[in-house]
Amino acid sequence: VSATIADRQELLDRAVSSGLFTTSQRTKAEGVLPPESQTAMRSAQLLVQANLLTRFQAERLLAGRTDGFVIGQYVVEDSLGRGVLGRVYRAKHRT
């Protein structure tokens, strides 16, 4: 069961554990976030504005989800649709 998160550090921790950020990308993300952005919500908004996360990724991280972001060499960026037999996602190859 996923739990929502409240602070910036936990958001960044989950971005790393989910595979969305490497350690160096986390450092870059920390550089984008001003010290006063202590809440996870505000931090997520700033990371989306800086194009370091998509809105889809930020929403899932804020909900406490860390699974399903990385499939092989692909990083899931957005959910495009769903039907009876499955879901369609937009993904980007890591290279």
Exercise. When the stretch 32-46 is examined, which residues are found to be in a helix (DSSP H, G or I) and either among the polar types (S, T, N, Q) or under 13 Å from Q9 (Cα atoms) (or both)?
Worked result: A40, M41, R42, S43, A44, Q45
For this session: Name every residue in the stretch 68-95 that is among the hydroxyl-bearing types (S, T, Y) and exposed (fewer than 13 other Cβ atoms within 10 Å of the Cβ), in order of residue number.
Result: T95
For this session: Considering every residue within the stretch 67-82, establish whether at least one is within 14 Å of the chain's Cα centre (by Cα), within 24 Å of T95 (Cβ to Cβ) and part of a helix (DSSP H, G or I).
Result: no
Exercise. Tell me, which residue of the stretch 8-18 that is open to solvent by 70 Å² or more (accessible area, probe 1.4 Å) and either of a type outside the set (D, E, K, R) or farther than 29 Å from T95 by Cβ (or both) is modelled with the lowest pLDDT?
Worked result: Q9
Problem set entry | Matching option when the condition is in contact with a Leu (Cβ under 7 Å, 6 or more places away or on another chain) and free of Cβ contacts under 8 Å to residues at least 12 places away in the same chain, among V88, V84, V16, V48 | V88
For this session: Can you give me the number of residues within the stretch 19-67 that are within 14 Å of I5 (Cα to Cα), aliphatic (A, V, I, L, M) and either open to solvent by less than 20 Å² (accessible area, probe 1.4 Å) or in contact with a Cys (Cβ under 7 Å, 6 or more places away or on another chain) (or both)?
Result: 4
Seminar exercise, completed: Over the stretch 1-41, the set of residues among the polar types (S, T, N, Q) and under 11 Å from the mean Cα position of the chain (by Cα) is S17, S18
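The values are calculated or read from the model by the stated rules, or taken from the named source; none is laboratory data. All figures in this text were calculated on a predicted structure; none of them were measured in a lab. We place every Cβ from the backbone using ideal geometry, glycine too, and count neighbours over all the protein chains shown. The accessibility values were calculated without ligands, DNA or RNA, using every heavy atom of the protein model including side chains. Shrake-Rupley method; radii C 1.70, N 1.55, O 1.52, S 1.80 Å.
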